[in-house]
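Computed from the coordinates by the stated procedures, all read-outs in this text should not be read as laboratory data. Computed from a predicted structure; not experimentally measured. Here the Cβ positions follow ideal geometry from the backbone for every residue, glycine too, while neighbour counts run over all protein chains shown.
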Amino acid sequence: MAAISHLFTLARVAQMLGEDEDWLSDISIEMEPEDGIISVYGLGEDCTPAFTDFGIENLRQIIDIHRENSEPSAKTENDQAQ
């Protein structure tokens, strides 16, 4: 396994993916370190999630899952139209 040579902050990933940073923060809670996310601590107790390339790919899958679950199904739309 190759060593991790760089990470992307949550703010950078949100910009890269064109997504809302707060929403990504909420859904990234589902991720574990083995999914490519780590917490980066600064001064004090504040921290920000950071993602490896693998983590960004996993986050994209979570985004797709959340979008699929939030879209009404075609059957539901057809039932409401009748």
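Listing for the model above:
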{"read-out": "Relative contact order (%) - the chain, alpha-carbon pairs under 8 angstrom, separation at least six", "value": "28"}
{"read-out": "Cα-projected label distance for Ile27 with Thr9, points at 7 Å along beta-carbon direction, nm", "value": "2.2"}
{"read-out": "For the chain, radius of gyration divided by Kirkwood radius, i.e. Rg to Rh on alpha-carbons", "value": "1.14"}
{"read-out": "With Cα atoms, 0 to 90° folded angle of helix 53-70 axis to the chain main axis", "value": "20"}
{"read-out": "R0 of 25 Å, Cβ-Cβ distance Arg67-Ile38: FRET efficiency to nearest 0.05", "value": "0.50"}
